[in-house]
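All remarks here apply to the structure that follows.
Taken together, the values in this text are just the output of simple stated rules run on the coordinates, not laboratory data. Treat the numbers as computed from the prediction; the structure is a model and nothing was measured. Virtual Cβ from ideal backbone geometry, glycine too; neighbours counted across all protein chains shown.
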Amino acid sequence: MFKQIFEFEISPSKTLAAGVGAVAAPWIDLIYGEGRFIPISLLLTAIVMDWITGIAASLRDETYSSEYGRHGILRTIFILAFPFLANLLDMMLGTPGLLFYAITLGLVYHTWQSLTANAYRAGWGKWIPDTIIKHIESELKAKVDRASQRGADSEGENSNR
């Protein structure tokens, strides 16, 4: 007769998500400022998707390199430092998040372009609209050129052995 207001199902995935949020949110607030959990989560999600699509693309075109992957970790740390620096500049200049949001959204946009180009290289292009492919053509060309160069470099190393 009466509908319960607080009825919800507790599942292992919800418990894990709540635990991760409970641990990550205070650290994100400390490093990036209060109320910045969602933009940083968006950036982290885009970075993880970029890693996944990048690995899939490099496995497909046989240019996978653990050395390049290690550099990717350093690039990720560098990328995550930008919003921190922007937050510090916002605090110094008294701008309420202007630089933080501009830098963070710019990084999300750049990472989105990268992960989309990686997805296309991985063979997942049928799920990407042509208008988006046209939008990322320069990023796609740069990635293909870089992968070709890595492939040529690894072939040269193998022939020298």
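Over the chain, what is the mean sequence separation of C-alpha contacts under 8 Å (at least six apart), divided by residue count, expressed as relative contact order in percent?
27
Once the Cβ-Cβ distance between SER13 and TRP51 is put in as r, and R0 is 22 Å, what FRET efficiency do you end up with, to the nearest 0.05?
So, using R0 = 22 Å, E works out to roughly 0.55.
Please state, to two decimals, what the Cα-based radius of gyration of the chain comes to when divided by 2.2 N^0.38 Å (N = residues).
Taking the Cα Rg and dividing by 2.2 N^0.38 Å, one obtains 1.33.
Can you order the peptides 32-40, 87-95 by their average number of other Cβ atoms within 10 Å per residue, highest first?
Order by mean packing, descending: 32-40, 87-95.
The stretch 83-134: percent of C-alpha pairs farther apart than 16 Å?
Considering the stretch 83-134, 53 percent of its Cα-Cα pairs are separated by more than 16 Å.
Evaluate the distance, in nm, between pseudo-label points positioned 7 Å from the Cα of ALA25 and of GLU137 along their respective Cα→Cβ axes.
Rounded to a tenth, the inter-label distance reads 4.5 nm.
Sorted by mean Cβ packing within 10 Å, highest first, what order do the peptides 59-71, 140-152, 96-108 take?
Ranking, from highest mean packing down: 96-108, 140-152, 59-71.
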